[in-house]
Amino acid sequence: MSAVKKIAVLTSGGDSQGMNAAVRAVVRSALFRGIEVYGVQRGYQGLINQDLRPMDLRSVGDIIQRGGTILQTARCKEFITPEGQQRGAEVLREQGIDGLVVIGGDGSYQGANKLSKLGIKTMGLPGTIDNDIPFTDFTIGFDTAVSIVVDAINKLRDTMTSHERSSVVEVMGRHCGDIALYAGLASGAEAILVPEVPFDIKDISLRMKDNFQKGKRHGIVVVAEGVGSGEEVAKNITEYSGIEPRVTVLGHIQRGGAPTHNDRILASRLADFAVQRLIEGDSAKGIGIVKGEFVATDIDKVVSTKKTFNLDLYNLALRLAQ
């Protein structure tokens with residue numbers, strides 16, 4: 001016997017590629033097991049406003065390849081309050097919904113955690129390009145975002161080499177430098193600036209100058225936005241070295257476009273695992289993948305733990321940046 005009869009799914013916070021694949025998998029996995037599914041429009045705001053609709057197989061047809069989220073997403077200040085959280089739980093009970101799958105980042109997990117304490121069975125799926133959710137090696141959308149950045153750097157390197165110039169590329173990542181780290185390593189950047197690791201911009205600038213004097217024809221510096229703006233970094237490089245880098249801010253382009261096959265598969269597998277855990281009566285869990293194995297970690301633990309930065313990977317990038 002299933003512990004849930006009717007579940008809902010919502011996407012919250014910043015969108016990420018693969019959210020639609022996750023929604024699709026939640027709906028079809030639940031329907032396959034005889035469970036009714038409702039989609040919540042516009043995240044927790046839609047939940048409070050009772051903006052729910054029944055989902056069937058056709059509701060999620062032709063979406064696995066699309067970026068963004070068909071359920072849309074919105075910030076909801078009201079849901080931060082106890083009154084808003086209580087209202088959300090009441091709406092779910094009024095609809096007879098006994099399980100909720102939340103797809104999003106840290107703030108979304110916080111909301112799921114609050115609802116679980118009000119008696120709603122919840123599961124959190126890590127949907128964020130930043131890869132800043134602990135207890136999962138990768139989040140839904142991260143692989144696509146990194147691919148977008150690498151493609152942009154490849155194109156910038158072509159023109160920088162032609163003109164013998166340097167380029168500063170600012171990427172997303174306020175508190176987590178994983179996009180900068182993975183994209184910088186994959187594209188052979190000369191320097192990667194992330195909020196987790198202190199750096200000396202003067203040393204980086206002088207090293208870039210030395211590289212040009214030794215015959216190098218280009219320079220790429222990848223900057224996570226949590227470090228500061230690309231313009232500030234470029235200004236400092238010019239001050240210490242005389243080099244005048246061109247600045248590219250990739251911004252929200254990192255969230256758009258079709259998800260990679262890796263993100264589609266990850267989203268589908270995590271979503272199916274989340275539905276299975278709800279059926280088994282589990283609740284208040286953050287779903288993740290660690291060393292190839294699916295894990296379900298207490299959301300309390302997830303939201304109170306900082307994601308570990310991969311210093312080994314960062315040091316590898318340093319060794320290879322010659």
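Listing for the model above:
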quantity	calculated
Residue match in the stretch 284-306 (condition: at positive phi and exposed (fewer than 12 other Cβ atoms within 10 Å of the Cβ))	yes
Whichever residue in the stretch 177-190 is of a type in the set (A, V, I, L, M, F, W, C) and surrounded by fewer than 24 Cβ atoms within 10 Å (Cβ to Cβ) and, among such residues, is nearest to Thr305 (Cα to Cα)	Leu185
Pairs where the first residue, in the stretch 153-182, is within 14 Å of Met208 (Cβ to Cβ) and the second is among the charged types (D, E, K, R), C-beta under 7 Å, 6+ apart	Glu164/Arg217; Arg165/Arg246; Ser167/Arg246
Test: residue in the stretch 49-61 that is over 24 Å from His252 (Cα atoms), at pLDDT below 95, hydrophobic (A, V, I, L, M, F, W, C) and outside the structural domain of His175 (by TED's automatic domain parsing)	no
Options Thr73, Thr69: the member that is among the β-branched types (Val, Ile, Thr), at pLDDT below 95, within 14 Å of Gly141 (Cβ to Cβ) and in contact with an Asp or Glu (Cβ under 8 Å, 6 or more places away or on another chain)	Thr73
Selection count, the stretch 1-57, where residues are assigned to a loop (DSSP other than H, G, I, E, B), more than 24 Å from the chain's Cα centre (by Cα) and crowded, with 24+ Cβ neighbours inside 10 Å	0
Selection count, the stretch 191-227, where residues are within 22 Å of Ser162 (Cβ to Cβ) and among the polar types (S, T, N, Q)	2
Hits in the stretch 210-232 (condition: crowded, with 17+ Cβ neighbours inside 10 Å and farther than 22 Å from Leu311 by Cα)	Asn211, Phe212, His218, Gly219, Gly230
Any chance Pro54 is free of Cβ contacts under 8 Å to residues at least 24 places away in the same chain and either under 23 Å from Val37 (Cβ atoms) or not charged (D, E, K, R) (or both)	yes
Inter-residue pairs, beta-carbon under 8 Å, first in contact (Cβ under 8 Å) with a residue 40 or more places away in the chain and not assigned by TED's automatic domain parsing to the domain that holds Asp51 and in the stretch 73-86, second surrounded by fewer than 19 Cβ atoms within 10 Å (Cβ to Cβ) and assigned to a loop (DSSP other than H, G, I, E, B), 6+ apart	none
In the stretch 58-86, the residues that are polar (S, T, N, Q) and either surrounded by 18 or more Cβ atoms within 10 Å (Cβ to Cβ) or touching a strand residue (DSSP E or B) at 6+ places or on another chain (Cβ under 8 Å) (or both)	Ser59, Thr69, Gln72, Thr73, Gln85
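The values are calculated or read from the model by the stated rules, or taken from the named source; none is laboratory data. Fair warning: this is a prediction, and the values are worked out from it, not measured in the lab. Every residue, glycine as well, gets a Cβ built from its backbone with ideal geometry; the counts of neighbours run over all protein chains shown.
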